[in-house]
1. Taking the alpha-carbon distance from K135 and a cut-off under 25 Å, which lysines remain once sequence neighbours fewer than 8 residues away in the same chain are dropped?
2. Counting only Cα, what are the radius of gyration and maximum Cα-Cα distance Dmax of the stretch 97-208, in Å?
3. Ignoring the sites themselves, what is the longest stretch of the chain with no trypsin sites (Lys or Arg not before Pro) in a DSSP loop and at most 15 other beta-carbon atoms within 10 Å?
4. If the convex hull of the alpha-carbon atoms of the stretch 31-129 is projected onto planes in all directions, what is the mean projected area in square nanometres?
5. Largest first, how would D242, D212 line up by accessible area (1.4 Å probe)?
6. Please compute the alpha carbon radius of gyration of the chain, then divide it by the globular-protein estimate 2.2 N^0.38 Å. Two decimals is fine.
7. Which whole DSSP H helices in the chain pass both tests: a Cα extent of 18 Å or more along the axis and a mean Kyte-Doolittle value no lower than 1.6?
8. Going by Cα centres, the stretch 1-59 and the stretch 84-140 are how many Å apart?
Amino acid sequence: MTTSNKRIAKQTGKYAILTAALVLFAGPLVWMLSTMMKTKQETYKVPPSILPESLNFEAFHRLFDVQPLMWRWIQNSFTISALVVLGAILSSSIVAYGFSRFTTKYKDRLFPIVLMTLMIPPSILMIPSYVLFTKLHWVDTWLPLIVPAWLGGAYYIFLFRQFFMTIPQELDEATYLDGGNRWTVFTKVIMPLSKPIVVTTVIFAFVNSWLDFLGPFLYIKSNNMFTLSVGLQLLIGQTSQDFPALAAGAFISIVPIGLLFLFAQRYIVEGVVLTGSKG
């Protein structure tokens, strides 16, 4: 086999693997999009068809008719996720600023401890957290879902700290010479230059909060305070045979995440690359 043929065979193999991976990961999404545009009768056809006979959006009408609180659940999820994102950015960036810019003898000892908290399984904290929030009378409120995000997250602290260390400290010194202080450096120099990692944190925090099921399921008892993830689980029991309506609900739940990744993927790559460029 000539060199040219070997190169063609190698490229063909790569494209075959990529195509198989695309089918594997995109298959469920295509099936969901197809199902939500079908009628009930079409979903029971044997053999099933991939494409609907005609574009039909009645599943969305049935979804909101069966569950009038659907809009409320969507609003609740957006509100909680927005507050979680804001808390994650503010608290984690301030802590990371201290780790990256302050000089103390305890800094190198404390940062590994912060990272070690990532090794704690969430299931271990479930019962103590529930007992704590019960004594604080926070059960059936959004506080257990929001307040922890305002206390800093180890993963986000790590991301911010690594990114801040790539920013030259000469900029800090120039700010001090102009009469600024540490807070001026943080707000006027560090954060404006940290757009990639801020966007990355926004996406990670939003997705984790938006898709969180266990937290809202444990702490929220009132139907009108449910998030979309819990509400969709409740919907399964109400429309278990209406597969187009269930697919429509699943589609609504993934649209915000898809839009976030679509418009911010460049910042994700840039932020993650730069966080690993300096230890």
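The values are calculated or read from the model by the stated rules, or taken from the named source; none is laboratory data. Predicted, not measured: the structure shown is a model, and the values here were computed from it. Here Cβ is always computed from backbone atoms with ideal geometry, including for glycine, and neighbour counts include all displayed protein chains. Side chains are part of the model used for accessible areas, which takes the heavy atoms of the whole protein and leaves out ligands, DNA and RNA. Shrake-Rupley method; radii C 1.70, N 1.55, O 1.52, S 1.80 Å.
1. Correct list for K135: K221.
2. Cα radius of gyration and Dmax of the stretch 97-208 are 17.4, 51 Å respectively.
3. 106-220
4. 12.0 nm²
5. Putting D242, D212 in descending order of accessible area: D212, D242.
6. Cα Rg divided by the expected 2.2 N^0.38 Å: 1.29.
7. Correct list, ordered by number: 243-275.
8. 42 Å
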